[in-house]
Structure formats: C-alpha cells, structure tokens
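K.L.:
What follows is a single structure, and I will ask about it in a moment.
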Amino acid sequence: MEKVKAIDFYKAWLKIVNKREDELRQVWRKNKLYTKCIIGNENSIIKEVANELNLLSYENNYYSIDTVLYKPEDLSPEINKDTFWFRDLRVAFEHENNFSSGLYQEVSHLLITNCDLKVLVTYPNKEIEIELEYLHKVISGNRNSNIISKEKSFLMIFGYENEFKWEGWIYEEENWIEIKHSS
C-alpha cells in the first residue's frame, strides 16, 4: 500500500488553508480558537486535509499525538464501533502555536511514533535557521534518521500571519529541504 508523501500532504495543506484564509486570519491570534480551527472541531483544517488525501482523522490525542490520519483498515478488526485502537497509522500530526515552547518535544514525540509521515505545524516569531539546525540534530541522532531522510517522512510546516504564507521543509540527512511551490 502506498505511503503518504510529504509533498502530497503539503499540497493538500496549502489547498485547504488557502481556501479558508479569511477564517484563519480572524482567529490567528486567539490560540484556543485557532487551534480548534486547525484540529479539534467538526470542520477542522486537518479533517479537510485528511479527506483530500483519502484518509480519516482521529483528533482526540491518540497517545498524546494531536491528530492521527488513517485508513479504515488501520483499525484493529472486530472492535466496538466508535472505539479507536490502531494497528497502523498513516500520519502523525502535531500542531504547536508557540514556536518558542521547545519544538524538540514535539519532534521527539513524532520520532518515536511509527507511521508513514510525521508532520509538525508551527508559527515562527523569529528567524527559523537556528531552530531548523537544532531540530535537524534531534532527528539526525535517531537511529532511523537515514530511513526518515530516504523516505522523506518528516515534514515541518511554518505559517506566517502577516503575508499569510506557508513554508514546507522536509528532513534530509544533509539539511532541511524547502518545498518549492507556486501557491
């Protein structure tokens, strides 16, 4: 079965956030409302992204992961309806409003999660180079870092309020690679 690719997730993300730009701008500086818009309500951005990728989303902090994206067959078989015990995950998604809160914690959590793609979305309030360099060290110290690099399975997305701009960065062994896009 084909794995979810970082570039496909990023394209789906851009499509949905750009479509809902007005809504996001209205709540951008209201952390709780903004987070609920991204994850945690019936019409969340991540639900739409999941739908765009032909996946389902579970947004109830599965083992403290903000959201997981999955296919129906990823659930354990023959379990009660409306229960969620996964035997496989496609995407582990973390959302962090506070860029300066210690992103290494979110990255570390994603690193120990077995899934096709690990995604962290955050909102820089300063230059990103030093943080990217540090997070690269965190990931490169993982014994699976070469697999993460080869499979391009770690995606960072930065959102910028003023120009409503998004940047996607994929972990590779030598450095982060920015996803170039036309949106």
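The values are calculated or read from the model by the stated rules, or taken from the named source; none is laboratory data. On a predicted model such as this, the values are computed, not experimentally measured, just so you know. Glycine also receives a Cβ, built like all others from the backbone with ideal geometry; neighbour counts cover every protein chain displayed.
K.L.:
Give me the pairs, please: first residue somewhere in the stretch 1-26 and of a type in the set (S, T, N, Q), second residue anywhere and not in a helix (DSSP H, G or I), beta-carbon distance under 9 Å, and either six or more positions apart or on two chains.
P.N.:
These pairs meet every condition: 18/164; 18/166; 18/183.
K.L.:
Another question, then. Picking from 8, 22, 82, 66, which residue would you name as being over 26 Å from residue 165 (Cα atoms) and either of a type in the set (D, E, K, R) or out of contact with any Pro (no Cβ under 6 Å at 6 or more places or on another chain) (or both)?
P.N.:
Details: 8 fails: over 26 Å from residue 165 (Cα atoms); 22 fails: over 26 Å from residue 165 (Cα atoms); 66 fails: over 26 Å from residue 165 (Cα atoms).
Every option except 82 fails the conditions.
K.L.:
When you scan the stretch 122-134, do you find a residue that is within 13 Å of the chain's Cα centre (by Cα) and closer than 22 Å to residue 169 by Cβ, even just one?
P.N.:
Looking for residues that are within 13 Å of the chain's Cα centre (by Cα) and closer than 22 Å to residue 169 by Cβ, one finds at least one in the stretch 122-134, hence yes.
K.L.:
Which condition number does residue 22 fail, the rest of (1) surrounded by fewer than 12 Cβ atoms within 10 Å (Cβ to Cβ); (2) not in a helix (DSSP H, G or I); (3) not aromatic (Phe, Trp, Tyr) being met?
P.N.:
Condition (2) is where residue 22 drops out.
K.L.:
Let me spell it out: the conditions are (1) at pLDDT 95 or above; (2) over 12 Å from residue 6 (Cβ atoms), and residue 176 meets all of them except one. Which number is the exception?
P.N.:
It fails just one condition, (2).
K.L.:
Additional query: Sort through 69, 56 and tell me the only one that's hydrophobic (A, V, I, L, M, F, W, C), under 25 Å from residue 169 (Cα atoms), touching a Lys or Arg at 6+ places or on another chain (Cβ under 8 Å) and without any contact (Cβ under 8 Å) to a residue 24 or more places away in the chain.
P.N.:
56
K.L.:
Every residue in the stretch 35-89 that is more than 22 Å from residue 14 (Cβ to Cβ), of a type in the set (Asp, Glu), modelled with pLDDT of 90 or more and part of a loop (DSSP other than H, G, I, E, B), please.
P.N.:
88
K.L.:
Counting residues that are out of contact with any Gly (no Cβ under 8 Å at 6 or more places or on another chain) and closer than 19 Å to residue 70 by Cα, which strands (runs of 3 or more DSSP E) fully inside the stretch 97-171 reach at least 1? Reasoning before the result, please.
P.N.:
Numbers: elements: 117-122, 154-160, 165-171.
Result: 117-122, 154-160.
K.L.:
Follow-up question, since we're still on this one. Please determine, by comparing only the residues of the stretch 124-183 that are hydroxyl-bearing (Ser, Thr, Tyr) and out of contact with any helix residue (DSSP H, G or I) (no Cβ under 9 Å at 6 or more places or on another chain), which one is surrounded by the fewest Cβ atoms within 10 Å (Cβ to Cβ).
P.N.:
By that ranking, first place goes to 182.
K.L.:
Those residues that are within 17 Å of the chain's Cα centre (by Cα) and among the polar types (S, T, N, Q), I need them from the stretch 71-100; list them, please.
P.N.:
Correct list: 97, 98.
K.L.:
Moving to a separate point now. Mind checking whether some residue in the stretch 70-87 is surrounded by 11 or more Cβ atoms within 10 Å (Cβ to Cβ), touching a Ser or Thr at 6+ places or on another chain (Cβ under 9 Å) and closer than 15 Å to residue 154 by Cβ?
P.N.:
Scanning the stretch 70-87 turns up no residue that is surrounded by 11 or more Cβ atoms within 10 Å (Cβ to Cβ), touching a Ser or Thr at 6+ places or on another chain (Cβ under 9 Å) and closer than 15 Å to residue 154 by Cβ.
K.L.:
Here are 103, 53: which of them is within 15 Å of residue 156 (Cα to Cα) and either of a type outside the set (D, E, K, R) or touching a strand residue (DSSP E or B) at 6+ places or on another chain (Cβ under 8 Å) (or both)?
P.N.:
Unique residue meeting the criteria: 103.
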